[in-house]
Amino acid sequence: MKKLLFAFVVLTTLYSSCLSENKVTIKPGLVNKKVERKVDISSQLVQISTSVTVENTGSSAADSYVFGLDPVMEDTLAFAGASQTEDEEEDSEKVSLAPVKITGQSGSFFEIKFQEPLKAGSSADIKFEEVYIKALRPYPAQITQSEKQLVEFFGSVLVYSPYKSTSQTTTVKLASSEIESHTKVNPVSVEDDTITYGPYEDKEAFSKEQAKIHFENNKPFLTVTRMERVIEVSHWGNIAVEETFDVSHSGAKLKGSFSRYDYQRQQDGFSSVKSFTTILPAAAQDVYYRDEIGNISTSNLLERDDHVELELRPRFPLFGGWKTHYTMGYNLPSYEYLFSSGDNYILKMRFLDHVFDDMVVDDLTVKIILPEGCKNARLDAPFDVRRDPDELHKTYLDISGRIVLIAHKSNLVEQHIDDFEIYLKKMDYFCRFRYLARGFQVSSSNVCCCFVYLAFRSALKALDAEHRNFTSRITDLMSSMKAESTDVADKVNEAQKIAAQVKDLIQAAITNAEKVVNGKLSKQQYVDYEKTNSARRSEYLGKIDQIFSSL
């Protein structure tokens, strides 16, 4: 019993110590010389961009700055970020944020470290980005099919700061110019769909001035209540991605019955969601979209230069309170996401991709299934995640099974789209071929294709190394050639330049061949490209032969 009591005391002391480390005391002398807040509530999100010019009026340098969240919305924060600009002509540089508490004050605060200590009499420009979810309240909470959606926003028109502010302005961007009511905190002006509060002069630290805006907002209020993203890395150069979604309309609920006839005839249902667009990687292929019933054919795929747009249309329009469930998947070539150096491999992919514009994901589970034979797998996430113990997944021709890494994250928005990295040790691509000796059967065409691909890559790597070695030797001999004969040296140099052009043409031919295999280029297009490419290669090789014949 005494041991348990002692352990409890020790843990309590450590916990209190950790809490005290997050408390800060505000350094006197820092002043918000100019504050410009832009509050965007034109969608289902509340996105706030705050630009602050901080001036150090004290007598000593300051190492950090503390930024406060709006007390009314702090519980709905999904993302916070900051950047600092040293010079107006330079790009801003992201800086890290650390949650802190201020002694004697309630509320949520973040501390940033200046890139360099802010000297007395100097100033710095800092920009903060905040994204809040479910901060807009539909009012009324229920509407009929033909009614438009109205929402309420509650927030402060002043920045909640532990420093005195010399001048500050807040601009609120609405979804429409239809404003039912808004709090008038003079000076205030309204122009179309924008409300401007301020400028307000000489506001003390921790000043608050709450405002309420009631306005029309028929933008999609879609929420992904649950999402599971499964990434399976194959031995055969493919990465299969499958995502399962539970989506609900989180806007004003539909009051009364739904009439399909009125919906199509009158084009009402202003706040309903008929379709939305998902962004996929540019290399995505074999895309599918289905639910429990089967394939959903009401979708459109559009290939862009740097991404693929998939327009998804549910089987029925989504009104407030309605839900839908679907599965989407596609394949990717592994060479675009898997990198190696000896026996060490790195898998680099998106933790979350673009689901729809102004998206909100309540709960996300990511599962990464690694090839059998991987060792020492380590996940490096772009932000804090909750990890589950690794699992084992067994599928066709597996012996020991495949490692599955599992991570969870809640309350995600567009700003959370970022890459994770998985560090691996020794991936055994040939383990499947050993199954043949154990009585397993593998498709001969798959085995042949895999061996041909691996042999081609191995030969290409060897030729590349040989070419670099040969080029290096010629470069080393150039100095002695110039001493003996300038004319010979010039001709060899010209031959090297032409050889470099030939290498570029060969690389272009290889790239086109891979595009044909991946379905990005038709066979006829490849034949046409190769005909031109081959003619140019022959021309350049002929020039090289002529140069060496003249030596």
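The values are calculated or read from the model by the stated rules, or taken from the named source; none is laboratory data. None of these values were measured; they are calculated from a predicted model. Virtual Cβ from ideal backbone geometry, glycine too; neighbours counted across all protein chains shown. Note: accessible area is taken over every heavy atom of the protein model, side chains too, but ligands, DNA and RNA are not part of it. Shrake-Rupley method; radii C 1.70, N 1.55, O 1.52, S 1.80 Å.
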What's the angle, to the nearest 10 degrees (0 to 90), between helix 523-549's Cα axis and the longest principal axis of the chain? 60 degrees
Filter the GluC sites (Glu not before Pro) in region 464-551 down to the DSSP loop ones having no more than 16 other Cβ atoms within 10 Å, then list what survives. none
Rounding to the nearest 10 and keeping the result within 0 to 90°, find how far the Cα-based axis of helix 444-484 lies from the longest principal axis of the chain. 80 degrees
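In whole Å and largest first, what semi-axes does the C-alpha gyration tensor of region 224-427 yield when each eigenvalue is scaled by 5 and square-rooted? Write down the numbers at each step before the final one.
Numbers: eigenvalues 255, 60, 47 Å².
Semi-axes from the Cα gyration tensor: 36, 17, 15 Å.
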HN-Hα J in Hz across region 113-124 - Karplus 6.51, -1.76, 1.60, θ = phi - 60°, x for Gly and Pro: 9, 4, 4, 9, x, 7, 6, 4, x, 9, 9, 9
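For region 351-398, which chymotrypsin sites (Phe, Trp or Tyr not before Pro) are both in a DSSP coil and crowded by at most 10 other Cβ atoms within 10 Å? All intermediate terms of the calculation are to be shown ahead of the outcome.
On the way: sites: F351, F356, F383, Y396; in loops: F351, F356, F383, Y396.
Filter output for region 351-398: Y396.
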Rounded to the nearest whole Å², what accessible area per residue is found for region 23-216 with the 1.4 Å probe? 48 Å²
Identify all aspartates and glutamates with a Cα-Cα distance to K274 below 12 Å; exclude those on the same chain that are fewer than 8 residues away in sequence. E311
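Which of the peptides 314-323, 165-174 is most tightly packed, and how do the rest follow, judged by the mean count of other Cβ atoms within 10 Å per residue?
Highest-to-lowest ranking by the protection proxy: 165-174, 314-323.
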Two pseudo-spin positions, 7 Å from Cα along C-beta at L397 and at M478, lie apart in nanometres by 4.8 nm
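What full-extension length gain, to one decimal in nm, is calculated for Q142 and S181 as 0.36 nm per residue of separation minus the Cα-Cα distance? Intermediate results must be reported in sequence, preceding the final value.
Working: separation 39, 0.36 × 39 = 14.04 nm, distance 1.91 nm.
Result: 12.1 nm gained on full extension.
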Give me the angle, in degrees from 0 to 90, between the Cα long axis of helix 2-21 and the longest principal axis of the Cα atoms of the chain, rounded to the nearest 10. 90 degrees
Under the helix-only model (-39500 (n - 2.57) for each DSSP H run of 4 or more, divided by the residues of the chain), the mean residue ellipticity at 222 nm, to 500 deg cm²/dmol, is -8500 deg cm²/dmol
Just one of [x] 87, 70, 70; [y] 68, 65, 46; [z] 74, 60, 46 is Cα extents along the principal axes in Å calculated from these coordinates, so which is it? [x]
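Quote the charge dipole size of the chain about the Cα centre in Debye, to the nearest 20; the model charges only the Cβ of Lys and Arg (+1) and of Asp and Glu (-1).
1780 debye
Can you compute the FRET efficiency between I510 and E74 using 1/(1 + (r/R0)^6), with r the Cβ-Cβ distance and R0 = 51 Å? Round to the nearest 0.05. Show your work: numbers first, answer last.
Working: r = 54 Å, r/R0 = 1.07.
Here the calculated transfer efficiency is 0.40.
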Taking all protein chains as present, what is the carbon and sulfur share of the accessible area of the chain, in % to the nearest whole number, probe 1.4 Å? 50 percent
Out of the trypsin sites (Lys or Arg not before Pro) in region 180-260, which ones are loop residues according to DSSP with at most 13 other C-beta atoms within 10 Å? K184
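Subtracting the Cα-Cα distance from 0.36 nm times the residue separation, let me have the gained length for N295 to R387 in nm, one decimal.
Numbers: separation 92, 0.36 × 92 = 33.12 nm, distance 3.28 nm.
Net length gain for the segment: 29.8 nm.
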